[in-house]
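The values are calculated or read from the model by the stated rules, or taken from the named source; none is laboratory data. Predicted model only: the values in this text are computed from it and were never measured. Every residue, glycine as well, gets a Cβ built from its backbone with ideal geometry; the counts of neighbours run over all protein chains shown.
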Amino acid sequence: MNGIKTAALLALLSALLMVGGQAVGGRQGLMMGLLLAVGMNFFSYFFSEKMALSMYSAQPLTPEENPAMYGRVAPMVERLTQKMELPMPRLWVLPGATPNAFATGRDPNHSSVAITEGLLAMMTDAELEGVIAHELGHVKHRDILISSVAATLAAALTFIARMAMWGGIGRSRDDDEGGSPYAGLVMMIVAPIAAMLIQMAISRQREYAADAAAARYTGSPDGLINALRKLERGNERFPMDASPATAHMFIFPPLMGGLGRLFSTHPSMESRIANLESVRGQVA
């Protein structure tokens, strides 16, 4: 099912890139939109993992460079991947005091789990295990490809909107098929909203499923419940400077105020906790 969703997402956002390109720059804009769509589809499938990690200055979590941190995290991941019948993902650490985490990659054999320094500092072992199990739930359910593709193509739509703001793509006075003079304003408004709505549509139910997987494979929902409460408080205290295109990838979306809350890709924290509390006693 996620494979079908990914293909549909690629097709839809490719169409938006082409239509947007034509609206902004006429015939030349259409061709540039087509080339951008082809290039972004290829890039998002093979390189979106690296893009997401590089955006947040992720560093490999290794026993050589971070022995204490690795010694705490790696045994949890190994134990959980054995239970979930998954290959061991690559581990990364993100600098900063904000507690958060995300998984990325194109399939379980090419996956990464990234956690912030703030998460490691703030969580107990049970809470940290709950967060890691949630991210591995995304890997097991093959959510990570569609999530990574959405991030890359949402960034491309935002790029189109910014080009519109600066006057279009290769528009000339002689192009009788040129875009409308109002196309720039329309794209500047519509493209980011379209990207956020698509992310919202693909993301909310998968968070409940990943939460349920964490409760099942850790044997209790309590670790993740406590972690979610700390994540909410920690993100209020140490807000993360995150791109809207990648906010949906995190266990706790960094952009929760104002329009960020309106277009949130995640269920409310209260509903996630209530859902987890409903399974207490059923997963031990």
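Some notes on this structure:
- Within the range 57-87, tally of residues that are part of a loop (DSSP other than H, G, I, E, B) and within 15 Å of residue 115 (Cα to Cα): 5
- The lone criterion from (1) in a helix (DSSP H, G or I); (2) modelled with pLDDT under 70; (3) among the hydroxyl-bearing types (Ser, Thr, Tyr) left unmet by residue 265 is number (1).
- Test: residue in the range 90-99 that is at pLDDT 95 or above and aromatic (Phe, Trp, Tyr): yes
- Breaking point among (1) of a type in the set (A, V, I, L, M, F, W, C); (2) within 22 Å of residue 226 (Cα to Cα); (3) crowded, with 21+ Cβ neighbours inside 10 Å, for residue 52: (2)
- In the range 89-141, residue nearest to the chain's Cα centre (by Cα) [restricted to those that are within 21 Å of residue 239 (Cα to Cα) and among the acidic types (Asp, Glu)]: 135
- Some residue of the range 30-49 being in a loop (DSSP other than H, G, I, E, B), at pLDDT 70 or above, surrounded by fewer than 16 Cβ atoms within 10 Å (Cβ to Cβ) and out of contact with any helix residue (DSSP H, G or I) (no Cβ under 8 Å at 6 or more places or on another chain): no
- From the list 281, 257, the one residue that fits, being outside any helix (DSSP H, G or I), surrounded by fewer than 18 Cβ atoms within 10 Å (Cβ to Cβ) and modelled with pLDDT of 70 or more, is 281.
- The condition (being out of contact with any Phe, Trp or Tyr (no Cβ under 9 Å at 6 or more places or on another chain), crowded, with 20+ Cβ neighbours inside 10 Å and not acidic (Asp, Glu)) is satisfied by just one residue among 128, 136: 128.
- Sole exception among (1) among the charged types (D, E, K, R); (2) modelled with pLDDT under 65; (3) crowded, with 20+ Cβ neighbours inside 10 Å for residue 211, by number: (2)
- Filter pass, residue 191 being farther than 26 Å from residue 115 by Cα, at pLDDT below 65 and in contact with a Ser or Thr (Cβ under 9 Å, 6 or more places away or on another chain): yes
- Selection count, the range 106-120, where residues are within 15 Å of residue 141 (Cβ to Cβ) and crowded, with 24+ Cβ neighbours inside 10 Å: 2
- Residue check, residue 101 touching a residue at least 24 places away in the same chain (Cβ under 8 Å) and either out of contact with any Pro (no Cβ under 8 Å at 6 or more places or on another chain) or crowded, with 17+ Cβ neighbours inside 10 Å (or both): yes
- Candidate set from the range 234-252 (those that are in a loop (DSSP other than H, G, I, E, B) and at pLDDT below 85); member that is surrounded by the fewest Cβ atoms within 10 Å (Cβ to Cβ): 241
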